[in-house]
Amino acid sequence: MKSIMYHYVRPDDQSLPYFRHLHIDDFIKQLEYLENEYGFLSKDDFLNCMESKEPVDGVVLTFDDGFKDHFHYVLPELKKLGLWGIFYIPTSPFTTRKLIDVHRIHMLIGKFSGQTIANALKNIIKEGMLSHNHVEEFQSETYSRQNNDNSTNYVKRCLNYFIDYKYRESVIDHLMSRFFPDESCMIDDFYMTKSEIREMNDQGMMIGSHTVNHPVMSKISLKYQESEIKKSRGFNSLVQRMG
């Protein structure tokens, strides 16, 4: 069994000139390629495999982060081909009315460029906010396989790995208040709503847990990790049961 993971799948958006995503047309081409080369695993065969632990052939599609993209663009293409997928949903946007921090970083870079955000970030970050051990650990390899410019890598490494987690949210809040002062208005266009998640479930898609706040799990304690997973699972189960 092969699992293929997707995040943003959408058309180009001129208002986000630097935003990294997979174009919906390329996604459609990938579906054709995967069908021809490997074939897709049915949901029943996948569930049987999970229970029996016996190896099987075929591709399973997974989609992270609960984006509106998945409802508007991915779901129709899967339905056309009689396919299904697993959609992993983080839950904090439903209660905080804020983008998750990692997505805030994507939007900042995607709209204003890595260079612009890097310049702003350097004026906010103070020496004591960064962990020198993390800088040494993550400086060379993290994001090295992505085709990013140096400024984009700096922003993503700094905010996801270098910074002490107790400062991270406040620093990103500062950036968002400057560049996206109307953040709460972005939520319903960025993430699926509860009713859309229920419709995905009703259409044969599987809904899975993807933590509450989408933290960098390696940066938080085991107790915090367990809390993130358990609370997310409970919320998503409740959403699926709601009529």
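Listing for the model above:
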{"read-out": "Count - residues of the range 157-210 that are crowded, with 17+ Cβ neighbours inside 10 Å and closer than 21 Å to LYS68 by Cα", "value": "16"}
{"read-out": "Count of the range 73-86 residues which are touching a residue at least 12 places away in the same chain (Cβ under 8 Å), within 21 Å of THR193 (Cβ to Cβ) and exposed (fewer than 14 other Cβ atoms within 10 Å of the Cβ)", "value": "1"}
{"read-out": "Odd one out for SER131, checked against (1) among the hydroxyl-bearing types (Ser, Thr, Tyr); (2) touching a Gly at 6+ places or on another chain (Cβ under 9 Å); (3) not assigned by TED's automatic domain parsing to the domain that holds PRO11", "value": "(2)"}
{"read-out": "Subset of the range 161-183 (residues that are over 13 Å from ASP101 (Cβ atoms) and of a type in the set (Asp, Glu))", "value": "ASP164, ASP182"}
{"read-out": "Residue list for the range 17-68, restricted to those being part of a loop (DSSP other than H, G, I, E, B), surrounded by fewer than 17 Cβ atoms within 10 Å (Cβ to Cβ) and of a type in the set (Ser, Thr, Tyr)", "value": "TYR38, SER42"}
{"read-out": "Looking only at the range 87-104, and only at residues there that are on the phi < 0 side of the Ramachandran plot and in a loop (DSSP other than H, G, I, E, B), the one that is surrounded by the fewest Cβ atoms within 10 Å (Cβ to Cβ)", "value": "LYS98"}
{"read-out": "Single match in VAL135, VAL171 (criterion: aliphatic (A, V, I, L, M), modelled with pLDDT under 85, under 22 Å from ASN123 (Cα atoms) and out of contact with any strand residue (DSSP E or B) (no Cβ under 6 Å at 6 or more places or on another chain))", "value": "VAL135"}
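Here's the yes/no breakdown for (1) farther than 30 Å from GLU226 by Cα; (2) free of Cβ contacts under 8 Å to residues at least 40 places away in the same chain; (3) under 20 Å from the mean Cα position of the chain (by Cα):
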site: GLN115; (1), (2), (3): yes, yes, no
site: ALA120; (1), (2), (3): yes, no, no
site: LEU130; (1), (2), (3): no, yes, no
site: ILE172; (1), (2), (3): no, no, yes
site: LYS194; (1), (2), (3): no, no, yes
site: ASP202; (1), (2), (3): no, yes, no
site: ILE207; (1), (2), (3): no, no, yes
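The values are calculated or read from the model by the stated rules, or taken from the named source; none is laboratory data. Predicted model, so just to flag it, every value in this text is computed and none were measured. Positions of Cβ are backbone-derived with ideal geometry, glycine not excepted, and every protein chain shown enters the neighbour counts.
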